[in-house]
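In what follows, a single structure is set out as structure tokens and then discussed.
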């Protein structure tokens, strides 16, 4: 039996080579980099804060009991409720906006690779509806996983809150037990999320080129999985190891890139420092800091563009690998590649 995931490697390499190198097009690379950047920007953000409280339980400590903590939080909430709601609302809107853009760019990226022509606005208009549907599906799934995580953590959270409310402190045994429960729960949810995400990624081209909805495409992919699950499992395993290999290569390239940028930035910064010194501008002058801050901003912008540029081959190969595997595993998808595995147009 032929393993499609193994056969797809050569095809993905050929398509990546023809799309990015034959011929080389700087602006094409950059546009693909921006698209992949926008896809990644749709990830949910998190907020993490910590307060170091000394002498917990002391008489002079305003947080010595759970009642005082609740009272302080209530006072803060009542005083700044309008500002808090506005800020929270803006953050949620920004996250939702970038999540929608991320979902839309999934279709733009696939279409760009299939046609070998990057047309950002044309593809965006073409797939506005499918992008919104994918956004809604991902939003529902994300909220469902969060709710499921909370529910599975309740057996640990309830005793913790009860102990905190009664004694004002948390039993270290409960913390250890919580960690022992938290890790497997998180692991299972990550695996489940990855599997569902893989099915969704495979469903995107099917929805695009078979003119179906995302849910219908997902159902078709899942039915094909039930009848030929071994191919998908081998694909997942091989994709995992390929991702590790690509990540290792990208890490080496990234370290070299950081070293070169640091050396170049330090050298140019030193030259700029001497030039400013010649004109009588030192660390005590406002013009000196204005110029140096502008220099740092320019260096960071250039570094961002170069990093996006360098990440393109990895993203393109991974997507071509998925598309090539899907083409072999699910022939009815009928992906209209402009580049076949022989490199002919």
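The table for this structure:
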read-out	value
Count - residues of the range 239-257 that are within 21 Å of the chain's Cα centre (by Cα) and surrounded by 13 or more Cβ atoms within 10 Å (Cβ to Cβ)	7
Residue satisfying condition, being on the phi < 0 side of the Ramachandran plot, surrounded by 11 or more Cβ atoms within 10 Å (Cβ to Cβ) and in contact (Cβ under 8 Å) with a residue 40 or more places away in the chain, within set 262, 323	323
For residue 10: the one exception among (1) modelled with pLDDT of 90 or more; (2) surrounded by fewer than 15 Cβ atoms within 10 Å (Cβ to Cβ); (3) under 30 Å from residue 96 (Cβ atoms)	(3)
So residue 160, is it surrounded by 13 or more Cβ atoms within 10 Å (Cβ to Cβ), over 30 Å from residue 35 (Cα atoms) and at pLDDT below 75	yes
Neighbours by Cβ (under 7 Å, 6+ apart or cross-chain): first from the range 279-290, surrounded by 11 or more Cβ atoms within 10 Å (Cβ to Cβ); second assigned to a loop (DSSP other than H, G, I, E, B) and at pLDDT below 75	287/281; 288/281; 288/282
Candidate set from the range 210-237 (those that are closer than 15 Å to residue 328 by Cβ and buried (at least 17 other Cβ atoms within 10 Å of the Cβ)); member that is nearest to the chain's Cα centre (by Cα)	235
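The values are calculated or read from the model by the stated rules, or taken from the named source; none is laboratory data. This is a predicted model, so every value here is computed, not measured. Methodologically, a virtual Cβ is constructed for each residue, glycine included, from the backbone with ideal geometry; neighbour enumeration extends over all protein chains shown.
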